[in-house]
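Enquirer: A single structure is presented below for examination.
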Amino acid sequence: MTTPNRPAPTKPMPRAANKGLTKPFWEAAKRHELVMQRCDSCGNWIFYPREQCPNCFSQKLSWGRVSGHGRVYAFTIVHQPGNVAFEPDAPYVFATIQLDEGVRMVSNVIGIDPHEVKVDMPVVVTFDDVNADWTLVKFKPAEG
């Protein structure tokens, strides 16, 4: 319940545990590009950012742009957010997206009635410039 004189709660922004490690991801998002780490030894795409490849344990990693195309792997529709700042957005889709490159990432599916989202639905990346410091990576239904 909000009081008329009290401002609406602000949404929490991401807090990177290792800012140096995730910086290329967030900088690319500001440019509306989706980048992931790739192992220079085995070619494995990696997400979330790490210091070594989970496939071959190499520390030779570089950043590369990915297509931004994928499919809904799993999802839930959030009706009661855990944080009151997200209540105006409810219901919304919290999903695991399997990118064409093979990596999975957690995000939101927007631009569609939450009850029309389906597993294996094709999606494409979109970017939400929430403020001057943060751009969030989200997904919307792919056209065609």
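Enquirer: How much net charge surrounds Tyr73 when only the other residues with a Cβ under 11 Å from the Cβ of Tyr73 are counted, with Lys and Arg +1 and Asp and Glu -1?
Expert: Numbers: positive: Arg71, Arg104; negative: Asp120.
Overall, the nearby charge balance is +1.
Enquirer: Would you grab the residues whose amide H sits under 5 Å from the one on Ile110? Only those 5+ places off in sequence or on another chain, please, with H modelled 1.01 Å from N.
Expert: Phe139, Lys140
Enquirer: In debye, nearest 20, what is the charge dipole magnitude of the chain about its Cα centre with +1 on Lys and Arg Cβ and -1 on Asp and Glu Cβ, if you could check? Don't skip to the end; give the middle numbers.
Expert: Working: 16 positive and 15 negative charges, 91 e Å.
Value, rounded to 20: 440 debye.
Enquirer: Quick check on the chain: helices-only [θ] at 222 nm, where DSSP H runs of length 4 and up contribute -39,500 (n - 2.57) each and the sum goes over total residues. Nearest 500, please. Write down the numbers at each step before the final one.
Expert: On the way: 1 runs with 12 residues, N = 144.
That calculation yields -2500 deg cm²/dmol at 222 nm.
Enquirer: Compute the distance from the alpha-carbon center of region 27-49 to that of region 83-122, in whole Å.
Expert: When both Cα centres are located, 20 Å separates them.
Enquirer: Now a separate question. With r as the distance between the Cβ atoms of Ser58 and Ala16 and R0 = 30 Å, compute the FRET efficiency 1/(1 + (r/R0)^6) and round to 0.05. Provide the component values of the computation, followed by the final result.
Expert: Details: r = 23 Å, r/R0 = 0.76.
Result of the calculation: an efficiency of 0.85.
Enquirer: To continue, here is another question. Under 5 Å between amide H atoms, partner at least 5 residues away or on a different chain: which partners does Tyr73 have, H built in plane at 1.01 Å?
Expert: When sequence neighbours closer than 5 places are left aside, the close amide H contacts are Thr96, Ile97, Gln98, Asp120.
Enquirer: Next up: Suppose we keep just the DSSP beta bridges with both residues in the chain; what percent of those would be antiparallel, to 5? Kindly include the intermediate steps, with their values, before the conclusion.
Expert: Details: 31 of 32 bridges.
Of those bridges, close to 95 percent are antiparallel.
Enquirer: What are the ³J(HN,Hα) couplings of region 68-85, residue after residue, when phi is run through the Karplus curve with 6.51, -1.76, 1.60 and θ = phi - 60°? Round to Hz, x for glycine and proline.
Expert: So the J values, rounded to whole Hz, are x, 9, x, 9, 5, 8, 7, 7, 9, 9, 8, 9, 10, x, x, 10, 4, 5.
Enquirer: Could you work out the local net charge near Thr96, counting Lys and Arg as +1, Asp and Glu as -1, over the other residues with Cβ closer than 11 Å to its Cβ?
Expert: Numbers: positive: Arg71, Arg104; negative: none.
That works out to +2.
Enquirer: Also, quick follow-up: Starting at the first residue of region 40-55, write each ³J(HN,Hα) from the Karplus equation 6.51 cos²θ - 1.76 cosθ + 1.60 with θ = phi - 60°, in whole Hz, x for Gly and Pro.
Expert: 6, 8, 10, x, 5, 6, 10, 8, 7, x, 9, 8, 8, 5, x, 8
Enquirer: Report, in degrees rounded to the nearest 10, the 0 to 90 angle that the Cα long axis of helix 19-30 makes with the longest principal axis of the chain.
Expert: 70
Enquirer: What net charge is computed for the residues neighbouring Lys19, neighbours being all others with C-beta under 13 Å from the C-beta of Lys19, Lys and Arg scored +1, Asp and Glu -1? Can you show the working numbers first?
Expert: Details: positive: Arg15, Lys23; negative: Glu27, Asp133.
Net of charged neighbours comes to 0.
Enquirer: Further, regarding this structure: Full-extension gain between Val78 and Lys140, please, as 0.36 nm times their residue separation minus the C-alpha to C-alpha distance.
Expert: On the way: separation 62, 0.36 × 62 = 22.32 nm, distance 1.66 nm.
Net length gain for the segment: 20.7 nm.
Enquirer: For the residues Glu101, Glu87, what sequence is obtained by ranking on other C-beta atoms within 10 Å, fewest first?
Expert: Numbers: Glu101 18, Glu87 13.
In order of increasing Cβ crowding within 10 Å: Glu87, Glu101.
Enquirer: Here's a follow-up. May I ask you to evaluate 6.51 cos²θ - 1.76 cosθ + 1.60, the Karplus curve with θ = phi - 60°, for each residue of region 112-126 and list the ³J(HN,Hα) values in order in whole Hz, giving x for glycine and proline?
Expert: 7, 4, x, 7, 9, 5, 10, 4, 6, 5, x, 9, 9, 5, 9
Enquirer: Rank these for me by crowding, Met105, Met36, going from fewest to most other beta carbons within 10 Å.
Expert: Fewest-to-most ranking of Met105, Met36: Met105, Met36.
Bear in mind that the values in this text are calculations on the coordinates, not laboratory data. What you are looking at is a predicted structure, and each value in this text was computed from that prediction instead of being measured. In this analysis, Cβ positions are derived from the backbone assuming ideal geometry, glycine residues included, and neighbour counts consider all displayed protein chains.
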